[in-house]
1. Can we say V13 is in a helix (DSSP H, G or I), modelled with pLDDT of 90 or more and hydrophobic (A, V, I, L, M, F, W, C)?
2. Every residue in region 157-177 that is part of a loop (DSSP other than H, G, I, E, B) and loosely packed, with under 14 Cβ neighbours inside 10 Å, please.
3. Going through region 19-52 one residue at a time, which ones are more than 30 Å from P68 (Cβ to Cβ) and either surrounded by 14 or more Cβ atoms within 10 Å (Cβ to Cβ) or aromatic (F, W, Y) (or both)?
4. Consider only pairs whose beta carbons are under 9 Å apart and that are at least six residues apart or on different chains; among these, list those whose first residue lies in region 89-108 and is assigned by TED's automatic domain parsing to the domain that holds G177 and whose second residue is among the charged types (D, E, K, R).
5. Would you confirm whether or not region 63-85 contains a residue that is touching a Pro at 6+ places or on another chain (Cβ under 6 Å) and under 27 Å from L246 (Cα atoms)?
6. Could you figure out which of (1) surrounded by 18 or more Cβ atoms within 10 Å (Cβ to Cβ); (2) without any contact (Cβ under 8 Å) to a residue 40 or more places away in the chain isn't true of F120?
7. Got a number for residues in region 41-78 being in a helix (DSSP H, G or I) and among the small types (G, A, S)?
8. Just to be sure, is T20 modelled with pLDDT of 85 or more and more than 33 Å from the chain's Cα centre (by Cα)?
Amino acid sequence: MGEPLKNQPARRVAGIIGRTAAYVVMTVFTLMTILPLVWLVISSFKSTTEFRLNRAGLPHVWTTVNYPGAWALGEFDKLIGNSVIYTAGATLGIIVFSILAGFAFAKIKSRATPLLYGSFVMGILLSIQSLMVPLFIEVSQLDRLLTDFFKLLGFMKSGQVNFFYDSRFGVLLIYIGSGLPTAIYLTTEYIKGIPYALVEAARIDGASYYRIFRWIILPMSVPIATTVAILNITNIWNEFALINILVSKTNLKSLPLGIFKFTSNLTADWGKQFAALVIGMLPMLLFYIGFRRQITRGVAAGAVKG
């Protein structure tokens, strides 16, 4: 009995050291995340001349002209609306199609299920960079084929159909397709954890698969839908590579392409460039601040069961 009592002070000291080390590590990583953001915001209130002379300190004169200048030059009034459309539309499409596919793969038995499921999951191994050239060629050829088909039928005599390239539909289609592999994997594994007895009982009662999906699977899949939304909203909002090859018209571009305009043409105007970066970052920052509790609950509840 005496020996455990002697070990208690040592255990307390070890616990204190462990907690202190954990807090130190978390503080370091927090500072590594926050300090660059703070530096970016502070730098956006500097003129280009002051930034070159004083890169790390506070501005001697706080200027706000960078923000209206960046907003006007980047045409953000148009681009933010496009980013909202692409992000909301693609995320909603990914959630709906992934839950539908996950239900089919997890609860509807078929010989084709392993092959179809494997073909979707294989998409996780493909990087966006490896798909850029094939996607550009594909959307261009599809528009050309549609143009030739409509001309053959006499529906049009000249011009070019832009159904996939330089269209919001084409961007949404590519975004949904690129986000489905991971989303289908997550939803399928999650729906597998829903008791199959619920589906069997509903089938015995005469419910169709549509009613089973609508009244059983869909309400129980809210946590994984939240997780899929969290994973895709930030990725789609910040996506640059795909939309850069899918659209050429300014009125169809997204916010990252507007920010890139400052990098390519106005590299000397640091103040406006930093202001443009803050404008692009602010919506996602407000999203996380406003929905941090829902995000935390969704990630915890939507974790894949092993």
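The values are calculated or read from the model by the stated rules, or taken from the named source; none is laboratory data. Here the structure is a predicted model, which means the values were calculated and not measured. A quick note on method: Cβ atoms are made from the backbone with ideal geometry, for glycine too, and the neighbour counts reach across all protein chains shown.
1. Working: in a helix (DSSP H, G or I): yes; modelled with pLDDT of 90 or more: no; hydrophobic (A, V, I, L, M, F, W, C): yes.
Criteria not met by V13.
2. Looking only at region 157-177, we keep the residues that are part of a loop (DSSP other than H, G, I, E, B), and these are 157-167.
Selection gives K157, S158, G159, Q160.
3. So the first thing to find is which residues in region 19-52 are more than 30 Å from P68 (Cβ to Cβ), and the list is 19-32.
Once the filter is applied, which keeps residues that are more than 30 Å from P68 (Cβ to Cβ) and either surrounded by 14 or more Cβ atoms within 10 Å (Cβ to Cβ) or aromatic (F, W, Y) (or both), region 19-52 yields Y23, F29.
4. As it stands, the answer is G89/R168; G102/E189; G102/K192; F105/K192; A106/E189; A106/K192; K107/K192, since those pairs meet every condition given.
5. To start, the set of residues in region 63-85 that are touching a Pro at 6+ places or on another chain (Cβ under 6 Å) comprises none.
Within region 63-85, not a single residue is touching a Pro at 6+ places or on another chain (Cβ under 6 Å) and under 27 Å from L246 (Cα atoms).
6. Only one criterion is unmet by F120, namely (2).
7. 4
8. Numbers: modelled with pLDDT of 85 or more: yes; more than 33 Å from the chain's Cα centre (by Cα): yes.
So T20 fits the description; yes.
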